[in-house]
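> Pasting a structure here, questions to come.
What follows draws every value from the coordinates through simple rules; no lab data is involved. Computed from a predicted structure; not experimentally measured. We place every Cβ from the backbone using ideal geometry, glycine too, and count neighbours over all the protein chains shown.
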Amino acid sequence: MVAAIAYDAKNNRLYYAQMLGNQLRYLDLNSTTPKAYSVTTQLLKNFKNAAGEASVITRMVIASDGNGYALTNDNEHLIRFSTDKQTKITDLGRLLDAPANGDKSVRTQFTSWGGDMIADANGNLYLF
């Protein structure tokens, strides 16, 4: 099962992570029969899985900087991955709440898990 997928237009690939897996994977769409690949040099999630759905990657996007970004359901791990020949995966850490959010935290399970993430042409990421 997959909860997050992102299209890389530059390389014509679909990146994804299995819900219960720990590998970054992609489909190469450049041939008549797409071929699946797994990044085996680094783990996508280099942290211990939390109970339940907290650590599942549920949002993913390819940004204008050419990197992919993946986010765990609990917003504790924003992960950047390169889409170059040598994939590099970096855990950027947890999301911080904007002061304007008041008592509404992006890490509260029943109000903020799930949603979607998009990127704009200026390099900004948005979480909905």
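> In nanometres, what is the gap between the two model label sites at N49 and L92, each 7 Å from Cα along Cα-to-Cβ?
Each label point lies 7 Å from its Cα, and together they span 2.5 nm.
> Turning to a different aspect of this structure: Just give me a number: lysine pairs in the chain, eight or more positions apart or cross-chain, with C-alpha atoms less than 18 Å apart.
So the count works out to 5.
> 5 Å is the cut-off here: which amide hydrogens, built 1.01 Å from N in the peptide plane, fall below it relative to A4, excluding neighbours closer than 5 in sequence?
A17
> Between N11 and S38, what is the label-point separation in nm under the 7 Å Cα-to-beta-carbon projection?
Here the modelled spin labels are 1.7 nm apart.
> Sorted by average packing, counted as other Cβ atoms within 10 angstrom per residue and highest first, what order do 72-82, 44-54 take?
72-82, 44-54
> Same structure, new question: With +1 on each Lys and Arg Cβ and -1 on each Asp and Glu Cβ, how big is the dipole of the stretch 1-91 about its Cα centre, in debye rounded to the nearest 20?
240
> So what J values fall out for the stretch 120-128 if you push phi through Karplus, 6.51 cos²θ - 1.76 cosθ + 1.60 with θ = phi - 60°, rounded to Hz, Gly and Pro as x?
9, 5, 8, x, 8, 10, 10, 10, 10
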